[in-house]
1. Give me the number: length gained by fully extending GLN74 to SER136, i.e. 0.36 nm times residue separation minus the C-alpha to C-alpha distance, one decimal in nm.
2. In Å and from the alpha-carbon atoms only, list the Rg and Dmax of region 61-151.
3. Below 18 Å, Cα to Cα, which lysines can LYS294 reach? Residues fewer than 8 away in the same chain don't count.
4. Heavy atoms only, probe 1.4 Å: what % of the accessible area of region 316-403 goes to carbon and sulfur, would you let me know?
5. How about LYS166: which aspartates and glutamates have a C-alpha closer than 19 Å to its C-alpha, ignoring those fewer than 8 places off in the same chain?
6. Ratio to report: Rg/Rh of region 173-216, with Cα atoms as the point set and Rh obtained by the Kirkwood method; give two decimals.
7. Just ARG200, ARG265, ARG331 to compare: in a GNM of the chain, with alpha carbon springs under 10 Å, which one fluctuates most?
8. Can you compute the FRET efficiency between LYS201 and ARG161 using 1/(1 + (r/R0)^6), with r the Cβ-Cβ distance and R0 = 51 Å? Round to the nearest 0.05.
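The values are calculated or read from the model by the stated rules, or taken from the named source; none is laboratory data. Quantities reported herein were computed from a predicted structural model and do not represent experimental measurements. Cβ: placed from backbone, ideal geometry, glycine included. Neighbour counts: every protein chain shown. Quick note on the areas: whole protein, heavy atoms, side chains included, nothing else; ligands and nucleic acids left out. Shrake-Rupley method; radii C 1.70, N 1.55, O 1.52, S 1.80 Å.
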Amino acid sequence: MRPAVSMVARLGFRLQELPSVLGRRLSCAQDVLRRTPLYDFHLAHGGKMVEFAGWSLPVQYRDSHVDSHLHTRQHCSLFDVSHMLQTKILGSDRVKVMESIVVGDIAELKPNQGTLSLFTNEAGGILDDLIVTNTSEGYLYVVSNAGCCDKDLALMQNKVREFQNKGSDVGLEVVDNALLALQGPTAAQVLQAGVADDLRKLPFMTSAVMEVFGVSGCRVTRCGYTGEDGVEISVPAAGAVHLAAALLENPEVKLAGLAARDSLRLEAGLCLYGKDIDERTTPVEGSLGWTLGKRRRAAMDFPGAKVIVPQLKSKVQQRRVGLMCEGAPMRAHSPILSTEGTVIGTVTSGCPSPCLKRNVAMGYVPYEYSRPGTLLLVEVRRKQQMAVVSKMPFVPTNYYTLK
């Protein structure tokens, strides 16, 4: 444990300094928080529970945040992401309904293929990011953020009701499953021992229903929030503890919490809704223009298209960029300045990178300052220090694609 502690000291990590978005330590009011089916399992394994998006979730376990982070990069880790909203959109008009509220080309998805997409408003702002999978079972499987649960559910329910009132064949169901994410280079090897399906035939952003370690009716999707190969397993709540325990029997697998999840996704250049993107951010400003389907761009038939599509060929006022610096770690709300000392933007997420041993962050700057290699200043603890605009991901991703 000593090397881990010394690394924490070198990188500037202290538990109380973890990003505020990861929640706060629980008090006597914790009973009002929602609990996943693995709540008692987390406590039994030393989980330090915090509030996150109205849920009680583990920020870390007995291992340090840095140890968990590095274990995920080198082996694999199990994350409880059951707080995410899972829904089914059913009926023959399901694609029309979904395309009326997202920017992606859902109609082009092959059976059991998924895509990252965005809910947008008429002003072009991002309401949430989500994954939509076109299942071979005749419905769209949608996973969106817990922090936007009420907003997202209302949006989808209202749109379904609107289409139903016009005579369309569509319905919505909330999926009351747990959701486990197994992430890391050995994730597929670990999971293969518990499934009959050949996971070599399940590439990134595809999905299949299968029995997993004796639990039937699991939907396994090759995706994740770490930049590593891995899966998210939607498992019936009654089988969640059994599945987690079965996975943990393999010494490759360790439990990981919100702290490691946040630093892993930041190294991978992935956005956290409410921090790096929100209703004041368009997909182009958020460097997410690639989520706009080509057919959808041409048709301009999604919410906010009149604002978003012209931005694809123009210089937007602000752009999400990656930043790297030495010295004190950049944190959310740290001012970004030009080298002349003028404030030009703000950091939205930042932390020391356990893999790179350098400070990484993302934030927004005017278009003319967004080119990789541009030198800037960041203000940390009232002191200015040099930073450089950097390409993302900071750490190369290792998604599994068929060659």
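1. On the way: separation 62, 0.36 × 62 = 22.32 nm, distance 3.35 nm.
Gain on stretching GLN74 to SER136: 19.0 nm.
2. Considering region 61-151 through its Cα atoms, Rg and Dmax are 16.4, 49 Å.
3. Cα-Cα hits under 18 Å: LYS96, LYS110, LYS306, LYS313.
4. Numbers: 2310 of 4510 Å².
Answer for region 316-403 is 51 percent, counting heavy atoms of protein chains only.
5. Here the aspartates and glutamates satisfying the reach criterion relative to LYS166 are ASP93, GLU99, ASP301.
6. Values: Rg = 11.4 Å, Rh = 11.9 Å.
Rg/Rh: 0.96.
7. Maximum among the listed residues: ARG200.
8. On the way: r = 39 Å, r/R0 = 0.75.
It comes out at approximately 0.85.
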